[in-house]
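What follows draws every value from the coordinates through simple rules; no lab data is involved. Since we're looking at a predicted model, the values are computed, not measured. A quick note on method: Cβ atoms are made from the backbone with ideal geometry, for glycine too, and the neighbour counts reach across all protein chains shown.
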Amino acid sequence: MNSWPTLYCPPLSPAINFKPLKVATVYGERSFAEFESARMYVCGITPYDATHLGHAATYLTFDLVNRYLRAAGTSVAFVENITDIDDPLLERATRDNLNWQDLAASQIDLYCSDMTALRILPPDSFVPATAVMDLVSTAISKMQANGFVYLVDNDLYFDISTFLSDLPIPLETALAIFAERGGDPQRVGKRHPLDPILWLANKPGEPGWSSVHGYGRPGWHIECAVIAARYLNSEDFMTSSSGNTLIELQGGGSDLIFPHHFMSAAQSKALTGKPFAFAYMHAGMVGLDGEKMSKSKGNLVFVSKLLADGVDPMTIRYALLTSHYSADRMWSNEILTSALSDISNLRESLSRELVAPTDSVISKMADCLADDLNTPAALKVLQEWHRETQNGAVGGSPGELARALDSLLGLAL
Ligand code: ZN
């Protein structure tokens with residue numbers, strides 16, 4: 001599927017000595033030092049509602065990874081999926097009396113325009129789940145042959161028992177989250193309460209696809225495992241073409257640590273025999289004015305609404321960069337106002353002919369990003385440069401700094 005227009009990332013001058021990107025993950029620190037190329041899979045939206053700031057913060061995080069690795073000379077293959085068939089989408093379509101496909105198409109369009117405004121580099125492949133139904137079915141057959149699949153009534157389940165030692169959280173916590181987020185730990189006939197659904201037999205009135213497993217639709221986790229295998233590996237989609245893992249990076253919001261990323265990784269390993277990702281990175285959640293932002297509270301802040309209200313997308317981007325990506329953070333009007341003031345300062349200094357030295361600023365900014373994407377520290381370096389410029393320091397190149405800001409932080413000022 002078409003995503004959104006690509007962006008030019010200007011080369012950095014002077015040449016920077018890029019440090020290897022290091023990131024903190026649920027399984028410990030990971031360094032991208034050894035990779036000349038990286039395969040990055042980011043879990044995309046379920047298109048039943050507009051892009052809120054939590055989504056924006058997540059996609060911005062992986063955009064920073066993408067920009068840093070590319071600037072440092074690593075080639076990046078980037079795939080993002082769209083969960084365009086799922087319960088929340090069907091429920092919203094029924095509630096609003098809409099055709100579910102029309103609802104999905106309209107929300108995907110809106111998402112793409114939000115990503116364009118925020119200057120997120122587009123994925124190489126933007127893949128709707130509905131485009132891979134045959135591959136999912138083939139993958140399930142292979143996992144069945146490998147002994148990981150069983151039937152409960154007409155539904156197929158994945159046997160998770162072999163993979164429980166990879167759980168990134170205690171089993172008790174996993175069971176509670178699984179029940180909370182639409183899992184079915186109590187269903188009679190399941191071998192383990194955490195076993196996830198692989199293929200759901202069609203329910204009356206719901207869409208489905210024909211397959212050797214009956215008429216129905218897949219579970220969410222297998223879709224991502226299959227899309228990552230197919231679109232980030234060039235040979236047979238069920239075997240990794242190179243490396244010790246199927247891909248280098250899987251990304252998403254921290255609400256995907258369990259069950260989604262854990263289950264996708266387990267299913268991928270059952271399919272290919274290889275560990276799924278070298279690094280699993282997660283962006284923190286965004287709240288509003290001291291409260292969790294959620295659909296049920298009705299306090300979601302939508303990117304499209306901010307843009308319609310005349311907020312400069314670069315101010316939204318800058319405001320999101322003021323917190324560390326992995327931290328749960330609060331959004332408020334004050335954060336936006338402060339970002340606007342910081343951006344105006346930078347624009348003012350960048351428009352001058354004589355500015356404080358910029359080489360060391362660009363290097364320091366890159367070092368901050370290499371250190372687990374420490375954007376708050378990178379922004380401090382920039383504001384310090386602004387103060388020095390205002391105090392009359394000279395010797396820098398505003399053009400070089402502007403290009404570095406564009407390339408590394410995606411800030412076109
Ligand atoms: Zn996913």
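Rounded if a/c is under 1.5, else prolate if a/b beats b/c, else oblate: with a ≥ b ≥ c from the C-alpha gyration tensor eigenvalues square-rooted, which is region 85-141? Cα axes put region 85-141 in the oblate bin.
Taking a 30 Å limit on the Cα-Cα distance, which of the listed pairs K190/K269; K142/K203; K297/K380; K269/K305 fall beyond it? If you can, show how the numbers build up before the last one.
Working: K190/K269 21 Å; K142/K203 25 Å; K297/K380 34 Å; K269/K305 41 Å.
Violating the 30 Å Cα-Cα cut-off are K297/K380; K269/K305.
Taking every DSSP bridge with both residues inside region 35-192, close to 30 percent are antiparallel.
Sorted by average packing, counted as other Cβ atoms within 10 angstrom per residue and highest first, what order do 125-131, 167-173 take?
Working: 125-131: 19.7, 167-173: 12.3.
In decreasing order of mean packing, 125-131, 167-173 become 125-131, 167-173.
Tell me the GluC sites (Glu not before Pro) within region 205-284 that lie in a loop according to DSSP and have at most 10 other beta-carbon atoms within 10 Å. Sites meeting the loop and neighbour criteria: E235.
Here is the list for region 344-413: GluC sites (Glu not before Pro) lying in DSSP coil, each with at most 15 other C-beta atoms within 10 angstrom of its C-beta, are E353.
Label region 290-331 by shape, choosing from rounded, prolate and oblate, from the square roots a ≥ b ≥ c of the eigenvalues of the Cα gyration tensor; if a/c is under 1.5 it is rounded, and otherwise prolate applies when a/b is larger than b/c, oblate when it is not. Oblate shape, in that a/c is at least 1.5 and b/c is the bigger or equal ratio. Dipole of region 1-144 computed with +1 at Lys/Arg Cβ and -1 at Asp/Glu Cβ about the Cα centre; of Y27, A117, A57, farthest Cα towards the positive end is Y27. Considering only DSSP beta bridges where both residues belong to the chain, give the percentage that are antiparallel (nearest 5). Antiparallel bridges make up about 45 percent of those DSSP assigns within the chain.
Taking every eigenvalue of the Cα gyration tensor of the chain, multiplying by 5 and rooting it, what semi-axes result, largest first, whole Å? Intermediate values should be presented prior to the final figure.
Numbers: eigenvalues 323, 109, 67 Å².
Semi-axis lengths for the chain are 40, 23, 18 Å.
The Rg/Rh ratio of region 37-185, with both radii computed over alpha carbons and Rh defined as the Kirkwood radius, is 1.00.
Since only F126, L164, A179 are under comparison, the one whose Cα sits farthest along the positive direction of the charge dipole of region 106-191, derived from C-beta charges on Lys, Arg, Asp and Glu, is L164.
Order these peptides, 175-183, 404-412, 136-144, by their mean beta-carbon neighbour count within 10 angstrom, highest first. Don't skip to the end; give the middle numbers.
Values: 175-183: 14.0, 404-412: 21.8, 136-144: 19.8.
Averaged packing, sorted descending, gives the order 404-412, 136-144, 175-183.
Helical content alone sets the calculated 222 nm signal of the chain at -12000 deg cm²/dmol, taking -39,500 (n - 2.57) per DSSP H segment of four or more residues and averaging over every residue. The Cα center of region 287-332 and the Cα center of region 1-68 differ in position by 19 Å. Of the chymotrypsin sites (Phe, Trp or Tyr not before Pro) in region 135-165, not one is in a loop by DSSP (not H, G, I, E or B) with at most 12 other beta carbons within 10 Å.
So if I place +1 on the C-beta of Lys and Arg and -1 on the C-beta of Asp and Glu, and nothing else carries charge, what would the dipole magnitude of region 1-62 be about its Cα centre? I want it in debye, nearest 20. Each step should come with its number before you reach the end.
On the way: 4 positive and 4 negative charges, 23 e Å.
Rounded to the nearest 20 debye, it is 120 debye.
Assign one of three labels to region 245-390, namely rounded, prolate or oblate, based on the Cα gyration tensor with a ≥ b ≥ c the square roots of its eigenvalues; rounded applies when a/c is under 1.5, prolate when it is not and a/b is larger than b/c, and oblate otherwise. Cα axes put region 245-390 in the oblate bin.
Just rank V394, V152, fewest to most, by other beta-carbon atoms within 10 angstrom.
Numbers: V394 12, V152 16.
By the 10 Å Cβ count, ascending: V394, V152.
Most tightly packed first, judged by the mean number of other beta-carbon atoms within 10 Å of their residues, the peptides 224-232, 293-301 read 224-232, 293-301. Counting neighbouring Cβ atoms within 10 Å and putting the fewest first, the residues L354, L118 line up as L354, L118.
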